Amino acid sequence: MAASVSAGRPARAARAPVAARRRHRLDRTLSPYLYIAPFFLVFAGFGLFPMLYTGYVSMTNWRVDVPGSQGQWVGLENYRKLLDDPFFLNALKNTVGIGVLSTVPQLLLALVLAHLLNYRMRGRTLFRLGVLLPNVTSVAAVTLIFVQLFGRDYGLINWTLGLFGVEHIDWQAGTLSSWTAISAIVTWRWTGYNALIFLAAMQAVPFELYEAAAIDGASRWRQFRSITVPMLRPTILFSVIVSTIGALQLFGEPMLFGQQQDPTTGGSQHQFQTLALYSYNQFWGRFKYGYGAAVSWAMFLLIVVIVGANLIAARRMKGLDA
């Protein structure tokens, strides 16, 4: 009996390291998936499922005023209607116009501001924190303040222009004027945010390059063009993509900028109605769930196309540099 017990102990002792190694390999294999699982579960429930369900709704004729239309399948009919819808095409034009007027100056100013903040100067930490303040301010508060600044009769902008003999401008009435006003709001809010992204990337640029350029007599502008911009190309591409996506989803600023009874129309002549506003108007203004979902998916597809075009252009630029 004692001999059999003593013989079983070495066998169990030999199996123990094997089992421990198996548990270790299993832990190394499964642990990363368990750590990231909460994000993907939340994304599947609150991101992926609503997106797919919206895609299904976009192929139906679901309208509140038509009983029984919830499951009425129409296929791509809603998307075909978009191509003939003047209001959708107008919203697309407004979205692209406001996006260009806000994104281009925003990124240029952010790049220059980050370059200046990258230099050694007194209180630069305070200035770096200060440029982020517009971004943390409520979009509602910022827009309402800018509405007062761009007021037709008593706005500070028109008062300043009046000093130079310019007549008062009704910023909300015109297409280009409303685009300019909304773009100013977006630029003011997001320039500091992008400047900090550029500044973080500049920290990785060896400072010796700037010192060598200064010894060779290069001005700050030449250093900016020859050192900063080439070294920041990946970060600039990232900011362009993110800013483009934000511009195509613009909603809060144009909605709060309008003073008419229905702010989702984007002005009396829809002069600053964006795609997001138009989709919201179809959903909750006209309760055309199917058509509103089609507008939302059209926005999504437009974002995919533009981002893909940016990536292709970036790869070609990289190939030319090589």
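For this structure, a couple of remarks:
- Residue count for the stretch 229-253 under the criterion of being more than 18 Å from residue 191 (Cα to Cα) and open to solvent by less than 10 Å² (accessible area, probe 1.4 Å): the result is 0.
- Taken over the stretch 268-291, the criterion of being out of contact with any strand residue (DSSP E or B) (no Cβ under 7 Å at 6 or more places or on another chain) and surrounded by fewer than 17 Cβ atoms within 10 Å (Cβ to Cβ) is satisfied by 268, 269, 284, 285, 286.
- Filter result for residue 102 (among the polar types (S, T, N, Q), open to solvent by less than 50 Å² (accessible area, probe 1.4 Å), farther than 24 Å from residue 251 by Cβ and in a helix (DSSP H, G or I)): no
- Residues of the stretch 128-139 that turn out to be more than 21 Å from residue 232 (Cα to Cα) and in contact with a helix residue (DSSP H, G or I) (Cβ under 6 Å, 6 or more places away or on another chain), as a count: 3
- Among residues of the stretch 128-140 that are closer than 11 Å to residue 196 by Cβ, those with a beta-carbon under 9 Å from a residue that is open to solvent by 60 Å² or more (accessible area, probe 1.4 Å) and at pLDDT 85 or above at least six positions away or on a different chain give the pairs 131/193; 132/193; 135/190; 135/193.
- Comparison of 178, 226, 138 shows that the only residue that is hydroxyl-bearing (Ser, Thr, Tyr) and crowded, with 16+ Cβ neighbours inside 10 Å is 178.
- Helices (runs of 4 or more DSSP H) (entirely within the stretch 177-294) containing at least 2 residues that are of a type in the set (S, T, N, Q): 233-248
- Residues of the stretch 106-123 satisfying the condition of being touching a helix residue (DSSP H, G or I) at 6+ places or on another chain (Cβ under 6 Å) and open to solvent by 50 Å² or more (accessible area, probe 1.4 Å): 109, 113
- Check on residue 96, in a helix (DSSP H, G or I) and either free of Cβ contacts under 8 Å to residues at least 12 places away in the same chain or open to solvent by 50 Å² or more (accessible area, probe 1.4 Å) (or both): yes
- Every condition in (1) over 22 Å from residue 239 (Cα atoms); (2) open to solvent by less than 80 Å² (accessible area, probe 1.4 Å) holds for residue 163 except the one numbered (2).
The values are calculated or read from the model by the stated rules, or taken from the named source; none is laboratory data. Values in this document were obtained by computation on a predicted structure and should not be read as measured data. Glycine gets a Cβ as well: all are built from the backbone with ideal geometry, and neighbour counts include every protein chain shown. Surface accessibility is based on the protein's heavy atoms, side chains included, excluding ligands, DNA and RNA. Shrake-Rupley method; radii C 1.70, N 1.55, O 1.52, S 1.80 Å.
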